[in-house]
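The values are calculated or read from the model by the stated rules, or taken from the named source; none is laboratory data. What you are looking at is a predicted structure, and each value in this text was computed from that prediction instead of being measured. When we count neighbours, we look across all protein chains shown, and the Cβ atoms used for this are built from the backbone with ideal geometry, even at glycine.
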Amino acid sequence: MSLWTDAHCHLQDSFLADDQVAHGAQAQLEHAFASGVDRVVVIGTDASTSADALAMTQLESPVEIYATVGLHPHDATHDIAPILALARAGHPRLVGIGECGFDYFYEHSPRSAQRSVFAAQIGLAQELDLALVVHTRDAFDDLCDIFASEGVPSRTVIHCFTGNPDDAERCLALGCDISISGIVTFKNAQSLRDAARLVPLGRLHVETDSPFLAPMPHRGRPNEPAWVSVVGEFLAELRGEEVSAVRDATSANSARLFNLPAR
């Protein structure tokens, strides 16, 4: 029997609230394991958080910790060279590139810069045969366009999917997997719930995106990996599936996506 995998979380100190930092990532990981989570993927968003994510894989923990390195679209004007260097250093627990992509909701970086660094990271994932972890918000047209020009890495996931059913169909047709966060439990997320119903079980992942986006009934509190089961249980009810089936499938899907060791 598998346990839950949190396919996307941010446990680095720079993301955490003061009370979370005081208790440390170790406490969160112990709580996660007690809640039925045995694997997490800690996501980098710039040079500093990417290096921290890799360092976190060395923590003594009952939960297996893996990491990605990437440059978030919010920081697309930053130098990508440190990300390239970290990725090419061959860290044994590096399993993906990203999160990277487009964010046209906040648009903290010019769209041209977002496209340039995203294209570079698509190429990096292809070069190193690593998973690509994609952030896309209000940008599905440009996402499809860049994949048409740059190609889609064979293991690609749209993290924290927030689109509608048509957006989900487009991403699935491109060969991407889809990862669902606690947003699916929010009252105003009916379109996302409709999309989540149609994702094949073999292409579905669950994540917390902690410390952000805590699911109901924890909304308003800092999120943590222990609550990935809340997302999974909600999806099981939404889709009319057994919780164990969703848990086992999403954990297997994340193992495949990130090429995690067999257990």
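Assorted remarks:
- Among (1) in contact with a Leu (Cβ under 6 Å, 6 or more places away or on another chain); (2) under 21 Å from residue 92 (Cα atoms) - the single one residue 49 does not satisfy: (1)
- Count of residues meeting criterion [in contact (Cβ under 8 Å) with a residue 40 or more places away in the chain, in contact with a Leu (Cβ under 8 Å, 6 or more places away or on another chain) and surrounded by fewer than 24 Cβ atoms within 10 Å (Cβ to Cβ)] in the stretch 179-203: 5
- Within the stretch 19-50, the set of residues being touching a strand residue (DSSP E or B) at 6+ places or on another chain (Cβ under 8 Å), assigned to a helix (DSSP H, G or I) and not hydrophobic (A, V, I, L, M, F, W, C) comprises just one member, 50.
- Among all positions in the stretch 93-108, there is no residue which is part of a helix (DSSP H, G or I) and either of a type in the set (A, V, I, L, M, F, W, C) or over 26 Å from residue 140 (Cβ atoms) (or both).
- Residue in the stretch 41-57 that is at pLDDT 95 or above, within 28 Å of residue 230 (Cβ to Cβ), over 14 Å from the mean Cα position of the chain (by Cα) and of a type in the set (S, T, N, Q) present: yes
- Check on residue 94, within 15 Å of the chain's Cα centre (by Cα), closer than 30 Å to residue 34 by Cα and modelled with pLDDT of 95 or more: yes
- Taking the stretch 51-81 as the range and being farther than 18 Å from residue 207 by Cα, of a type in the set (Gly, Ala, Ser) and not in a loop (DSSP other than H, G, I, E, B) as the test, the residues that pass are 51, 55, 81.
- Condition check for residue 87: surrounded by 21 or more Cβ atoms within 10 Å (Cβ to Cβ), touching a strand residue (DSSP E or B) at 6+ places or on another chain (Cβ under 6 Å) and touching a residue at least 24 places away in the same chain (Cβ under 8 Å): yes
- Residues that are out of contact with any Lys or Arg (no Cβ under 6 Å at 6 or more places or on another chain), buried (at least 20 other Cβ atoms within 10 Å of the Cβ) and of a type outside the set (Ser, Thr, Tyr), drawn from the stretch 237-262: 246, 247, 249, 253, 258
- Qualifying residues in the stretch 239-262 (those that are free of Cβ contacts under 8 Å to residues at least 60 places away in the same chain and out of contact with any helix residue (DSSP H, G or I) (no Cβ under 6 Å at 6 or more places or on another chain)) - the one farthest from residue 65 (Cα to Cα): 240
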